[in-house]
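For reference, the structure discussed in these notes is given below.
The numbers here are math on the coordinates, done by the rules we state, and not lab data. Remember, it's a predicted structure, so these values are computed and weren't measured experimentally. Cβ coordinates were reconstructed from backbone atoms using ideal geometry, including for glycine residues, and neighbour counts include every protein chain displayed.
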Amino acid sequence: MRKKLYFLLACCLCLTMPSFAKKNQAVNNEKNMAAYLMVYHKDADHGLHMAISYDGYAFHALNKDSAIIDGAKIANQKGIRDPHIYRAPNGYFYLAMTDLHVFGQREGYRDTQWERDGERYGWGNNKGLVLMRSRDLIHWSCTRLNFQELGGEWSEVGCVWAPEIVYDTQAGKLMLHFTSRKGKGINRIYYVYMNDEFTQMESLPKLLFEAPEGKYSVIDSDIMEHDGIFHLYYVSHESTATIKHATATNITGPYRMDDNYYDGVRRGHEAPNCWKRIGQDCWVVMHDNYRINPHNFGFTETRDFIHYTPIGNFDKGVMTRSNFSEQKHGAVIQISKKEARRLEKRWP
């Protein structure tokens, strides 16, 4: 049996989860969708937060904007960041998060500023991710990955950030893509295929995208497929952090850089996430304006992935939020009315 454990695998039940032996092959039809679920984290607690909208414009946080899942209970570093949620064709929901607490020393989780030597591994260094899976958005299984255990070049991994999940229809597999670097080097975007249980990588990660000649860092990848074209939104650090766009005819590339994307933001921003408005040929690219105080999300709309219209930030345009603020690095999926009501009942 070929090595399956290319990493240190630690499985845990984060909440009580029933066993599902059979895969649900149901197709998630958009006509059954009636609401939107947003996930995000907050620097205040490094936990997983959720918010719901029934129209795609006005969002309200569940659980009074307290964490739905405590990062200290699921992450090796006792905190999570950069959550991404994905609704897969097999009927499961998948969550991927950075295993990192940037204030771990202040909170008493470690004696040093970072988990490892900052001079050697850089700002926010970490070694792994937190992966979760659910059938009902309430009960979740949990797996922690340590990429340093891959060995070889990965033994000097400097960070593993901003994981996202997508389904590769050609390969028939879940694909996890994320930002990583070796030591304090240049950040690049990598991908790896995962098993359906979301507990094991099926191979070593491969390079998905990098800056021309690897001259500067690129981070925070997000992939949306439309009419056979894969749209990669990412953050370029060529100068200040700026969201860029690239396209490919294959999900694993090669991606061609494109200059059509424009969100009107001059100050540093990151964490692009593209999601579709229900029943409309309209897509939203959401981003994190981290250089404004307090932190906020900005939004841009497109109908053809060529022309983009900025529609402002939360509470400064058509997008509003009722009971939360200072949210960071979010992602949005479509959900049914039944699923939304179930979440609201569980976390009023």
- Compute the convex hull volume of the Cα atoms of the stretch 269-314, divide it by the residue count, and report the result per residue in Å³ as a whole number. 69 Å³
- Item | Neighbour count of at most 13 Cβ within 10 Å plus DSSP loop: longest trypsin sites (Lys or Arg not before Pro)-free window in the chain | 107-214
- Message: Can you give the local net charge around Ala211? Use residues other than it whose beta-carbon is closer than 11 angstrom to its beta-carbon, Lys and Arg +1, Asp and Glu -1.
- Response: 0
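Which residues make up the longest stretch of the chain that has no GluC sites (Glu not before Pro) in a DSSP loop with at most 16 other Cβ atoms within 10 Å? Working shown, then result.
Details: sites that count: Glu107, Glu197, Glu202, Glu238, Glu326.
It works out to 1-106.
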- Query: With the chain treated as a Gaussian network of Cα nodes joined by springs under 10 Å, which of Gly317, Gly185, Gly228 yields the largest mean-square fluctuation?
  - Reply: Gly228
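Per residue and in cubic angstrom, what volume does the convex hull of the Cα atoms of the stretch 192-329 have? All intermediate terms of the calculation are to be shown ahead of the outcome.
On the way: hull volume 20.8 nm³, N = 138.
In the stretch 192-329, the Cα hull volume divided by residue count equals 150 Å³.
Let me confirm the definition first: pairs of Lys residues in the stretch 52-201, 8 or more apart or on different chains, C-alpha distance under 22 Å. How many are there? List each step's numbers first, then the result.
Working: Lys64/Lys73; Lys64/Lys78; Lys73/Lys127; Lys78/Lys127; Lys127/Lys182; Lys127/Lys184.
Number of lysine pairs found: 6.
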- [x] 18; [y] 30; [z] 6, with the label sought being that of the calculated percent of Cα pairs over 40 Å apart: [z]
